[in-house]
Amino acid sequence: MRPLRILAVLFLSITSALADGGVSFVTVSNWQEALDLAKKHGKPIFLDAYTDWCGWCKVMDKETFSNAEVAKVMNAAFVNVKMEMETGEGVDVAMKYRIAGFPTFMVFDAKGNPTYKTFGYQAPEDWLTTLKSMTNPDSAMSFKGMAPGIQLPWPVWHRKAFLKSKLRTRPSLETVSEWFNTQDDKLSEVAFGILMRHALPREIEDWVLQREQEYRERFGDDASGLREGMINTALSGAIKKKDGKLLQRAKDLEQTTDPVAREIKHLGMDGVFYQNTEQWSELGGVVQRFAARPDAATHAGRINEYCWSIYEKSDDAKAIAAALTAMQIIATRADATWEYIDTYASLLYKAGRYDDALREAERAVREAERVEADFSGTVELIEKIKAAK
């Protein structure tokens with residue numbers, strides 16, 4: 001480490017951030033720099049784990065970390081650090097703390113122990129709520145089973161799975177199985193990291209599930225990701241192979257105790273499966289079931305996404321009719337956004353109901369104008385409707 005270089009980077013970062021009224025970040029290339037800064041300032045570390053290609057990382061910078069109120073809280077509470085996760089020691093940090101999606105945000109105490117982890121873009125008002133949890137000791141998460149330091153004896157093929165896309169490779173099921181079966185301690189931190197990252201043969205999944213409680217006791221909150229990973233693997237396999245048995249496997253792995261929440265998750269899996277396998281009539285049934293729920297407004301975004309796929313890709317009359325029924329419920333609500341109204345208008349157009357489609361498309365434009373959104377696509381739809389009349 002070169003202290004003069006760190007001070008120069010720190011000065012430039014703070015100067016730039018203050019000029020913009022945003023969060024003062026220091027970009028580090030090795031983890032010790034972050035630990036030294038935390039020790040120097042006596043503050044926890046806030047880690048922005050990003051990649052060069054991550055679009056939502058850039059949106060977070062532009063919209064949330066530039067917010068003056070957010071900056072006030074974060075600059076007072078943390079040493080704010082950015083680290084790129086696909087090169088150098090960033091890969092070691094990603095492997096150690098099981099960072100697989102971006103942006104990921106973590107908090108570490110001044111000694112480098114993790115206390116909080118969250119994922120994905122949040123608008124300033126939502127992020128301020130998250131910051132309350134990050135800075136509240138009572139909201140600290142459990143990160144058990146972690147040895148000191150970021151260097152662990154990872155297999156070479158595991159590290160390659162964290163590199164930039166042109167260099168990234170995934171191990172085969174046979175490679176993972178052979179490695180896992182040779183481990184004396186299958187509940188070690190390294191073994192747990194392998195299980196969290198890679199697809200597993202069915203026999204290893206079953207072995208892990210039988211010992212799920214042991215993993216939870218050793219690794220705390222993170223162990224919930226074992227079952228989630230298996231669900232995602234089963235669902236991805238179901239889509240790839242168009243295999244209904246694998247879809248049922250994903251559902252069977254879901255153990256949410258609340259029957260209503262479990263039903264919604266199963267319905268969501270059906271929607272993802274039918275959308276990606278282009279089974280439009282079945283997807284139409286899913287959106288109707290979502291729209292018929294008393295909490296349909298909560299699922300409006302998902303309903304809209306599925307219905308837009310039907311509009312764009314399907315000529316199945318049954319699917320279009322089902323999507324229309326669902327979007328009518330969503331788009332005629334008083335709080336309907338212009339995007340939902342636009343989808344409804346598009347489906348009306350596809351169903352040949354041109355007068356209704358024109359009315360709804362013009363309503364979508366008015367709503368878009370009110371929120372200063374780009375409605376050029378809706379204008380094009382209006383032109384197509386008028387040409388078809």
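The values are calculated or read from the model by the stated rules, or taken from the named source; none is laboratory data. Owing to the predicted nature of the structure, the values given are computational and were not obtained by experimental measurement. Ideal geometry is used to build each Cβ from the backbone, glycine not excepted, and the neighbour counts take in all protein chains shown.
Numbers for the structure displayed
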read-out: Filter pass, K160 being modelled with pLDDT of 95 or more, under 21 Å from D221 (Cα atoms) and basic (K, R); value: no
read-out: Some residue of region 325-335 being within 25 Å of K240 (Cα to Cα) and at pLDDT 95 or above; value: no
read-out: Residue in region 299-322 that is surrounded by fewer than 18 Cβ atoms within 10 Å (Cβ to Cβ), among the hydroxyl-bearing types (S, T, Y), modelled with pLDDT of 95 or more and in a helix (DSSP H, G or I) present; value: no
read-out: Scan of region 282-298 for residues that are of a type in the set (S, T, N, Q) and surrounded by fewer than 16 Cβ atoms within 10 Å (Cβ to Cβ), ordered by number; value: T298
read-out: Residue within region 236-253 that is modelled with pLDDT under 95, farther than 18 Å from L195 by Cα, assigned to a helix (DSSP H, G or I) and not aliphatic (A, V, I, L, M) present; value: no
read-out: Region 236-248 residues that are within 12 Å of N276 (Cα to Cα), paired with ones that are among the acidic types (D, E) and outside any helix (DSSP H, G or I) (beta carbon under 8 Å, 6 or more apart); value: G237/D243
read-out: Residue in region 1-8 that is surrounded by fewer than 14 Cβ atoms within 10 Å (Cβ to Cβ), out of contact with any helix residue (DSSP H, G or I) (no Cβ under 7 Å at 6 or more places or on another chain) and either at pLDDT 95 or above or not in a helix (DSSP H, G or I) (or both) present; value: yes
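Matching residues to (1) out of contact with any Asp or Glu (no Cβ under 8 Å at 6 or more places or on another chain); (2) buried (at least 16 other Cβ atoms within 10 Å of the Cβ); (3) free of Cβ contacts under 8 Å to residues at least 12 places away in the same chain; (4) in the same structural domain as G90 (by TED's automatic domain parsing):
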site: K132; (1), (2), (3), (4): yes, no, yes, yes
site: I150; (1), (2), (3), (4): no, yes, no, no
site: A161; (1), (2), (3), (4): yes, yes, no, no
site: K166; (1), (2), (3), (4): yes, no, yes, no
site: L173; (1), (2), (3), (4): yes, no, no, no
site: W179; (1), (2), (3), (4): yes, yes, no, no
site: S188; (1), (2), (3), (4): yes, yes, yes, no
site: A191; (1), (2), (3), (4): no, yes, yes, no
site: V208; (1), (2), (3), (4): yes, yes, no, no
